[in-house]
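Asker: Structure below; questions to follow.
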Amino acid sequence: SCVDQYNYGVNFYNEAQVLSIVGDCTPHGTHVAAIACAAQGERSGVAPGAQLVSIKIGDVRLAAMERGTSLARGLLAAVRMGCDVINLSFGEPTQVPNVGRILRMAEELAWQHNIVLVGSVGNNGPALTTLNAPAGIS
């Protein structure tokens, strides 16, 4: 038989006056990070045994798409937790991959806190304008 799992996070805000229950609308980023950190002998990733922090940015009401607010909160949470690497395993097609408020925030936090940003390039291409944002970060 098959067993389904549903992961969720519970947060309290405003001195416990606001309860936020966040469901996992897609485990993609966690899956990618787990591959990189696998510690299985020959099947080990590039960072076997690294500690992972999973920060959810997708919104199930938007078919798992991220929003600027969730991205900003996620970046700040990663800084607060002392993350050394942030896997930006999300994105959409764009013709101009190096612009926007969230990109500027990510770059600023990376420089200020000595964090490495890693972006996914997507599954389109290879061709002109097939690089996803935020993968075009420089």
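The values are calculated or read from the model by the stated rules, or taken from the named source; none is laboratory data. A quick note: this is a predicted structure, and the numbers were derived from the prediction, not measured. Cβ: placed from backbone, ideal geometry, glycine included. Neighbour counts: every protein chain shown. We work out accessible area using only protein heavy atoms, side chains counted, and drop any ligands, DNA or RNA first. Shrake-Rupley method; radii C 1.70, N 1.55, O 1.52, S 1.80 Å.
Listed here are the residues, each with its yes/no results for (1) touching a Gly at 6+ places or on another chain (Cβ under 8 Å); (2) surrounded by fewer than 13 Cβ atoms within 10 Å (Cβ to Cβ); (3) aromatic (Phe, Trp, Tyr).
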position	(1), (2), (3)
Asn14	no, yes, no
Val32	no, no, no
Glu42	no, yes, no
Gly45	no, no, no
Lys56	yes, no, no
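Asker: Still on this structure: Could you look through region 36-61, keep only residues that are part of a helix (DSSP H, G or I) and farther than 22 Å from Gly9 by Cα, and pick out the one that is nearest to the chain's Cα centre (by Cα)?
Answerer: Ala36
Asker: For the condition part of a helix (DSSP H, G or I), of a type in the set (A, V, I, L, M, F, W, C) and modelled with pLDDT under 85, what is the one hit in Val32, Val99, Val22?
Answerer: Val32
Asker: Right, another one. Select from region 82-95 the residues that are more than 18 Å from Ala34 (Cα to Cα) and touching a residue at least 24 places away in the same chain (Cβ under 8 Å) and write down the one among them that is most open to solvent (accessible area, probe 1.4 Å).
Answerer: This residue is Gln95.
Asker: Something else: Taking Met65 and the conditions (1) more than 11 Å from the chain's Cα centre (by Cα); (2) over 18 Å from Arg101 (Cα atoms); (3) surrounded by 14 or more Cβ atoms within 10 Å (Cβ to Cβ), which numbered condition does it fall short on, given that it satisfies the others?
Answerer: (2)
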